[in-house]
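Input: a single structure, listed below in structure tokens.
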2 protein chains.
Amino acid sequence: MKIFFAGSIRGGRGMLPVYIQIIDMLKRQGHTVVSEHVASVELEEIEARISDEEIFNNDIGYIDECECLVADVTIPSIGVGYEIGYAVSKCKHVICIYSRDSNVSAMVRGNKRIVSVPYMGMEELENIFTLP
Amino acid sequence: MKIFFAGSIRGGRGMLPVYIQIIDMLKRQGHTVVSEHVASVELEEIEARISDEEIFNNDIGYIDECECLVADVTIPSIGVGYEIGYAVSKCKHVICIYSRDSNVSAMVRGNKRIVSVPYMGMEELENIFTLP
């Protein structure tokens with residue numbers, strides 16, 4: 001399945017090692033992740049060279065070509081929230097995952113069009129992503 | 001004008017005094033703010049008594065009945081990002097304001113369907129909100 005992975009960029013990069021693992025896991029399961037840049041350690045450097053409008057257009061274009069958006073919502077992020085809202089409006093399959101101890105938005109947890117799943121470690125995540 | 005004001009709740013309440021001032025200002029200018037609860041000091045207590053699904057349905061219902069969404073995007077927040085994405089998908093007038101020193105998402109700054117305006121203090125904000 002073609003998947004857009006969404007994770008915090010300007011909201012904070014504290015979960016980067018987890019994002020890298022999630023993308024690796026999705027790829028190992030045979031999925032195509034179109035947004036590998038989200039887990040790049042050089043992302044801020046790359047983004048500094050292009051305009052916000054280019055970043056926006058690229059990301060929206062990537063989401064449009066996917067069937068599914070997987071977002072890690074552990075770290076609060078305006079961009080990730082926007083991408084989730086956009087994907088839902090485009091009737092994409094949306095899965096939000098979050099570290100079990102985080103305080104997740106009601107706009108995610110209370111939303112019937114989103115599958116939201118807490119996780120403790122990568123092992124639990126492996127079980128979540130038995131996507132079709 | 002009927003306005004939904006969006007501000008961080010579970011992302012962090014550090015800007016609450018500013019949210020209160022923004023809502024007061026919008027009301028003084030003759031607008032109706034349907035989401036005054038966002039700036040309530042008792043919000044967490046109130047929300048603890050209702051389900052995430054009720055919160056989601058209430059907020060989406062409020063946005064639907066508004067012409068305009070004003071979001072303070074200074075504090076990263078999944079919920080605020082979601083509401084912005086939803087409002088844009090419903091062709092609402094969307095204005096994002098942010099403290100001048102914050103690192104705002106490219107999904108807001110690079111989005112031609114959003115008016116985004118930095119501010120330094122309330123005086124600058126008063127000038128932004130000369131809405132029709």
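The values are calculated or read from the model by the stated rules, or taken from the named source; none is laboratory data. What you see is a predicted model, and the numbers here were worked out from it, not measured in a lab. Backbone-built Cβ (ideal geometry, glycine too); neighbour counts: all protein chains shown. These area figures cover heavy atoms from the full protein model, side chains too; ligands, DNA and RNA do not enter into them. Shrake-Rupley method; radii C 1.70, N 1.55, O 1.52, S 1.80 Å.
Here are the numbers:
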{"item": "Single residue of region B:42-83 satisfying the filter (part of a loop (DSSP other than H, G, I, E, B) and over 15 Å from A:Val80 (Cα atoms)) that is nearest to the other protein chains (Cβ to nearest Cβ)", "result": "B:Ser51"}
{"item": "Selected residue (criterion: nearest to B:Glu65 (Cα to Cα)) from residues of region B:91-106 that are more than 8 Å from chain A (Cβ to nearest Cβ) and assigned to a loop (DSSP other than H, G, I, E, B)", "result": "B:Lys92"}
{"item": "Residues (hydroxyl-bearing (Ser, Thr, Tyr) and either within 14 Å of chain A (Cβ to nearest Cβ) or closer than 18 Å to A:Ala106 by Cβ (or both)) located in region B:1-41", "result": "B:Ser8, B:Tyr19, B:Ser35, B:Ser40"}
{"item": "Qualifying positions in region A:13-25 - closer than 19 Å to A:Ser77 by Cβ and of a type in the set (A, V, I, L, M, F, W, C)", "result": "A:Met15, A:Leu16, A:Val18, A:Ile20, A:Ile22, A:Ile23"}
{"item": "Within region B:107-124, considering residues that are assigned to a helix (DSSP H, G or I) and open to solvent by 10 Å² or more (accessible area, probe 1.4 Å), the one modelled with the highest pLDDT", "result": "B:Arg109"}
{"item": "Conditions (1) touching a residue at least 12 places away in the same chain (Cβ under 8 Å); (2) surrounded by 13 or more Cβ atoms within 10 Å (Cβ to Cβ); (3) charged (D, E, K, R); (4) part of a helix (DSSP H, G or I); number of the one not met by B:Arg10", "result": "(4)"}
{"item": "Qualifying residue in region B:60-78 (condition: in contact with a His (Cβ under 6 Å, 6 or more places away or on another chain) and open to solvent by less than 80 Å² (accessible area, probe 1.4 Å))", "result": "yes"}
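Rundown of residues vs (1) more than 25 Å from B:Lys27 (Cβ to Cβ); (2) at pLDDT 95 or above, yes/no style:
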site	(1), (2)
B:Ile46	no, no
B:Ile60	no, yes
B:Cys66	no, yes
B:Ala71	no, yes
B:Ser77	no, yes
B:Cys91	no, yes
B:Asn103	yes, no
